[in-house]
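Notes to accompany the following structure.
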Amino acid sequence: ARLNRIHSIFGTVDGLSGRFVSVFNYFKSLFYSKFMKPLRNGNVIHDEPPRKRFQEDFESTPLYIAVVTYINYGIMIVFGFLRDFLRRHGFEKTHASTEANDMKDFVPLYASFESFYTRNIYNRIQDVFNRPICSVPGPVIDIVERQFSKSGWMFKYTGKVLKNVVNLGSYNYLGFAENDGPCAEASIESIEKYGVGVCSSRKEMGNLDIHVKLEQKMAEYLDVEACLTFGMGFATNSMNIPCLVSKGCLIISDGLNHASLVLGCRLSGAQIRVFKHNDMKDLESKLRDAVVYGQPRTHRPWKKILIIVEGVYSMEGSIVNLPGILELKKKYKAYVFLDEAHSIGALGSRGRGVTEYFGIHPREVDIMMGTFTKSFGAAGGYIAGSRALVEHLRYHSHSACYATSMSPPVCEQIITSLHIISSTDEGKRRIKQLADNCRMFRQGLKKLGNIVYGNDDSPVVPAMIYAPTKLGAFSREMLKRGFGVVVVGFPATPIAESRVRFCISAALTEQQLQDALDAISDISDLLQMKYSKKK
Amino acid sequence: FQAPLYHYIVEGLLVVWIIRLLFFKSYKIHDKVPLTTKEKDELIEDWEPEPLVPPLEETRAVSKPYRVVSGQPGKEIVVDGYKCKNFASLNFLGFVENERISKAATECVSKYGVGSCGPRGFYGSFDVHLELEKRIAKFTGTECAIIYSYGFATIASAIPSYSKRGDILYVDEACCFAIQKGVQASRSNVVYFKHNDMEDLESKLRHQEMLDKKDVKKSSVTRKFMVVEGIYMNTGEICDLPRLVDLKYKYKVRLFVEESLSFGVLGQHGRGVTEHYNIPVEKVDMMCGSMEYSLASTGGFCCGREYVIDHQRLTGLGYVFSASLPPLLACAAIEAIDIMEEE
């Protein structure tokens, strides 16, 4: 069994000889017997369970797994250097594209070490990312088959299609990725009426009547004064934060915030401080220091302080401790920016996101941001809040001035799905179905003995894999059994915390989820992934 | 060496004193008495932040409300109820009201739905995205292309994925807002040259060349890029591409051209500013464009050599971390390129 475990861990590293195995066996048994203590505290229990009880779970990494994971990286790095050496001296053919011939004397575009990770680690498991699909991204998808060369560097399309793969990866929380039904019909009608393009920005000739309608409906739905929509979710964050804070202001940002928020913070020119993910104590100490000591060097007081958090964190599956944040906000007179990309539509009894989940009125949050990509099955983003905020952004937001407005069929999709969510029984059914599916799947996964991160109610369910080579194996094995999953490793996660992330959809049936759990159980045995000690 | 005893004693004491000065902690005046909790609480009580945004009346005073367009924003447009001829949209080829494009988009919705529900890495890559990338590469005559889901995010993501801290960007001072944001996000050293003034650009390049000769080690790792627009959004002028290409090879500076406005407009086939000047497209390192103007869809693209472009698939922020382009918009863009080629 031990050998089996080792093989499963290092199985995908080619060229590993049996000699290493005995060494690792020794290491592993050593750590097994002596140091099997958790690396960090098991449960994160939030200070004050608010109107809703928190079930946030971050089981610690077993020490021997951490060690094995680092050894795993070590081996890949050693082999990477070896193969780089061989490639440099022409013993191994390199498949990488090269610089143009007449530009060989330019300064190299990439530092050679920068791409080491891509070349020697990412490329080995390249086949599990960027899988092209050729169907609606609903509960089952058709994947275009690719055949990779042994080295993983090149692939060709076989011309075959893998039909009806169960989709556990798309952000289709409420199942609005549909090619028929009311949403698709309405979108098609709007193409007939408006066409596809707008060719102008909101400030110029791109403010169509349906954009105005969407904003009104969205503001009503969220129960806020006003709302402003944008054509891309990523740009909603990165282009609007600079309109709210500037030099002399302070941003206190959660350590696991999305890249778009981080970019927005950087572009704003404000000071950025980071607090530990969802840790209210750390946030409070940062806020306290900020207000008491003011700006560094000049010691002037900060103009304003903006706390930036997300509703549901897409890699951890955790839900923000909003009651805690709002309490601190009041105490220290800060402003709160809440990114509901993954929570709008997916949390709360009527799908109104994390504020409804906690029973908090959305007006208590200064800036409500969200995207239409996920629950609404469309594209774009919004910012909602007080009328003063929205009007300010309407005239100063870079996105509103310079970027083209949202395409009419996309806009229509949101209006229709929003109508279904907010005022029909079908919408209620979907929201309930999603909540049931999430709980059923997460509990099932925990029962199997996998380490599952995050909140019990979150639609994002990450299960830990740890070793990078297992990422590839897990995803390939799942695909073989007819399930499409998303695996994520460094740099999207900490280096030793690679994981598989399941996104649950209301469109998935209980049977599909049960089959998925069976398959996961099977593969987890094969890859020795049932790390949890709680079981 | 005759000296009185007291002299040795004094000298000895001095030596001891120096040693003491050297090894003992320096004397520190504690001017900072740590604040007590009560004082901190008072400070927190005292602090009054600025309002998040100016009051509503103030915003209203300086701005006009948006005009509302009802119906299709084509060559005829209804603005605030007035029927007008449209001289304001960037609908250069009139594709907004094109029937073929609408039909392609409609068929696409019946096959794929509207949203893509995922980033390119995670089941958000559709076969139509791959086809569109191939079509753009073929149309522009480049090796490979990459598409973004928003025109604005294209160049703003592309610049920082190559140019890092310490690198140098030569940027036209009249460049559009998206370039400015990309430049800012890259945190590189930025040198602005006078609008479309090649003499000014060359003098700045020559100056840098002189600096480089002094510090060869540093200059051998400092990447340099020129960022220009095909047609400038702010001035409507066309860039002097032949001179820029000369300068590129003379001073070994890579050249990025942002062609949002010139794509579909300049050149016999609408391939942009390279075709306009009859310059082989390989001479430009990266060509960025928007699909929101001539193609009347949404999104943007970058094309060039595979060696250059593929890098963005792992480092272009707007590519990696954003949901992919809705398939119907990709279909519309493919159809638009088809029409450009055929008609």
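The values are calculated or read from the model by the stated rules, or taken from the named source; none is laboratory data. Source: prediction; values computed, not measured. Please note: Cβ atoms are built from the backbone with ideal geometry, for glycine as well, and neighbour counts cover all protein chains shown.
Can B:Asp310 be described as more than 8 Å from chain A (Cβ to nearest Cβ) and among the acidic types (Asp, Glu)?
Judged against the criteria, B:Asp310 is not a match.
Surrounded by 12 or more Cβ atoms within 10 Å (Cβ to Cβ), in contact with a helix residue (DSSP H, G or I) (Cβ under 7 Å, 6 or more places away or on another chain) and either in contact (Cβ under 8 Å) with a residue 40 or more places away in the chain or not small (Gly, Ala, Ser) (or both): is that true of A:Thr69 in this structure?
Judged against the criteria, A:Thr69 is not a match.
Checking A:Ile360 against (1) part of a loop (DSSP other than H, G, I, E, B); (2) more than 9 Å from every other protein chain (Cβ to nearest Cβ); (3) surrounded by 24 or more Cβ atoms within 10 Å (Cβ to Cβ): exactly one of these is not met. Which one?
(3)
Working only within segment A:243-288, note down all residues that are crowded, with 23+ Cβ neighbours inside 10 Å and in a helix (DSSP H, G or I).
Listed by number, the residues that qualify are A:Leu244, A:Ser260, A:Leu261, A:Leu263, A:Gly264, A:Cys265, A:Leu283, A:Leu287.
Only one residue in B:Leu295, B:Leu317 is closer than 28 Å to A:Lys104 by Cα, at pLDDT below 95 and of a type in the set (A, V, I, L, M), so which one is that?
B:Leu317
Please find, within segment B:91-116, the residue that is surrounded by the fewest Cβ atoms within 10 Å (Cβ to Cβ) out of those that are of a type in the set (D, E, K, R) and within 10 Å of chain A (Cβ to nearest Cβ).
If we take residues in segment B:91-116 being of a type in the set (D, E, K, R) and within 10 Å of chain A (Cβ to nearest Cβ), then B:Glu99 is surrounded by the fewest Cβ atoms within 10 Å (Cβ to Cβ).
Tell me the residue from A:Ala463, A:Ala473 that is over 15 Å from A:Leu168 (Cα atoms), surrounded by 21 or more Cβ atoms within 10 Å (Cβ to Cβ) and touching a residue at least 40 places away in the same chain (Cβ under 8 Å), please.
Being over 15 Å from A:Leu168 (Cα atoms), surrounded by 21 or more Cβ atoms within 10 Å (Cβ to Cβ) and touching a residue at least 40 places away in the same chain (Cβ under 8 Å) holds for just one of A:Ala463, A:Ala473, which is A:Ala473.
Return the residues of segment B:187-224 that are part of a helix (DSSP H, G or I) and either in contact with a Phe, Trp or Tyr (Cβ under 7 Å, 6 or more places away or on another chain) or of a type in the set (Phe, Trp, Tyr) (or both); say none if nothing qualifies.
If the condition is that a residue be part of a helix (DSSP H, G or I) and either in contact with a Phe, Trp or Tyr (Cβ under 7 Å, 6 or more places away or on another chain) or of a type in the set (Phe, Trp, Tyr) (or both), then B:Asp200, B:Leu201, B:Lys204, B:Leu205, B:Glu209 are the ones that fit.
Which one of A:Asn179, A:Asn240 is in a loop (DSSP other than H, G, I, E, B), out of contact with any Asp or Glu (no Cβ under 8 Å at 6 or more places or on another chain) and over 25 Å from B:Asn91 (Cβ atoms)?
A:Asn179
Which members of segment B:117-128 meet the condition of being more than 7 Å from every other protein chain (Cβ to nearest Cβ) and not in a helix (DSSP H, G or I)?
Residues satisfying the conditions are B:Pro119, B:Gly124.
With A:Ser200, A:Ser238 as the choices, which residue is within 7 Å of chain B (Cβ to nearest Cβ) and not aromatic (Phe, Trp, Tyr)?
None of the other options fit; the residue is A:Ser200.
Taking B:Lys32 as the residue in question, decide whether it is more than 30 Å from B:Ser262 (Cα to Cα), at pLDDT below 90 and under 38 Å from the mean Cα position of the chain (by Cα).
Taking the combined requirement at face value, the residue does not satisfy it.
How many of the residues making up segment A:203-216 are more than 15 Å from B:Glu292 (Cα to Cα), facing chain B (nearest Cβ under 7 Å) and either charged (D, E, K, R) or in a strand (DSSP E or B) (or both)?
The number of residues fulfilling the criteria is 3.
Is it the case that some residue within segment A:192-207 is surrounded by fewer than 17 Cβ atoms within 10 Å (Cβ to Cβ) and among the β-branched types (Val, Ile, Thr)?
No, segment A:192-207 contains no residue that is surrounded by fewer than 17 Cβ atoms within 10 Å (Cβ to Cβ) and among the β-branched types (Val, Ile, Thr).
When you go through (1) facing another protein chain (nearest Cβ under 9 Å); (2) surrounded by fewer than 21 Cβ atoms within 10 Å (Cβ to Cβ); (3) among the small types (Gly, Ala, Ser) one by one for B:Ala156, which number turns out not to apply?
Only one criterion in (1) facing another protein chain (nearest Cβ under 9 Å); (2) surrounded by fewer than 21 Cβ atoms within 10 Å (Cβ to Cβ); (3) among the small types (Gly, Ala, Ser) is unmet by B:Ala156, namely (2).
In this structure, does A:Lys303 turn out to be within 13 Å of chain B (Cβ to nearest Cβ), surrounded by fewer than 17 Cβ atoms within 10 Å (Cβ to Cβ), in a helix (DSSP H, G or I) and basic (Lys, Arg)?
Considered against the rule, which asks whether it is within 13 Å of chain B (Cβ to nearest Cβ), surrounded by fewer than 17 Cβ atoms within 10 Å (Cβ to Cβ), in a helix (DSSP H, G or I) and basic (Lys, Arg), A:Lys303 comes out as no.
Hey, can you tell me all the residues within segment A:330-364 that are basic (Lys, Arg) and in contact with a Leu (Cβ under 9 Å, 6 or more places away or on another chain)?
Within segment A:330-364, A:Lys331, A:Arg352 meet the criteria.
Those residues that are out of contact with any Phe, Trp or Tyr (no Cβ under 8 Å at 6 or more places or on another chain) and part of a strand (DSSP E or B), I need them from segment A:372-406; list them, please.
Listed by number, the residues that qualify are A:Ala384, A:Gly385.
Can you tell me which of A:Thr118, A:Thr158 is surrounded by fewer than 19 Cβ atoms within 10 Å (Cβ to Cβ) and at the interface with chain B (Cβ under 7 Å from one of its Cβ atoms)?
A:Thr118
Okay, residues lined up against (1) under 30 Å from A:Val452 (Cβ atoms); (2) at pLDDT 95 or above; (3) out of contact with any Lys or Arg (no Cβ under 6 Å at 6 or more places or on another chain):
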{"site": "A:Arg288", "(1), (2), (3)": "no, no, yes"}
{"site": "A:Pro301", "(1), (2), (3)": "no, no, yes"}
{"site": "A:Ile308", "(1), (2), (3)": "yes, yes, yes"}
{"site": "A:Gly324", "(1), (2), (3)": "yes, no, yes"}
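If B:Gly12 satisfies all but one of (1) more than 9 Å from chain A (Cβ to nearest Cβ); (2) in contact with an Asp or Glu (Cβ under 9 Å, 6 or more places away or on another chain), what's the number of the condition it fails?
(2)
Can you tell me which residue among A:Ile125, A:Ile188 is assigned to a helix (DSSP H, G or I), out of contact with any His (no Cβ under 8 Å at 6 or more places or on another chain), aliphatic (A, V, I, L, M) and more than 7 Å from chain B (Cβ to nearest Cβ)?
Selected residue: A:Ile125, the only one of A:Ile125, A:Ile188 that is assigned to a helix (DSSP H, G or I), out of contact with any His (no Cβ under 8 Å at 6 or more places or on another chain), aliphatic (A, V, I, L, M) and more than 7 Å from chain B (Cβ to nearest Cβ).
Considering segment A:158-176 alone, what residues qualify as being within 25 Å of A:Gln514 (Cα to Cα) and in a strand (DSSP E or B)?
A:Val161, A:Leu162, A:Lys163, A:Asn164, A:Val165, A:Val166, A:Asn167
Kindly indicate whether any position in segment A:381-403 is in contact with a Leu (Cβ under 8 Å, 6 or more places away or on another chain), touching a residue at least 12 places away in the same chain (Cβ under 8 Å), under 20 Å from A:Gly169 (Cα atoms) and more than 14 Å from every other protein chain (Cβ to nearest Cβ).
No - not one qualifying residue is present in segment A:381-403.
Might you check whether a residue that is touching a Ser or Thr at 6+ places or on another chain (Cβ under 6 Å) and farther than 25 Å from B:Tyr150 by Cα occurs anywhere in segment A:124-131?
There is at least one residue in segment A:124-131 that is touching a Ser or Thr at 6+ places or on another chain (Cβ under 6 Å) and farther than 25 Å from B:Tyr150 by Cα.
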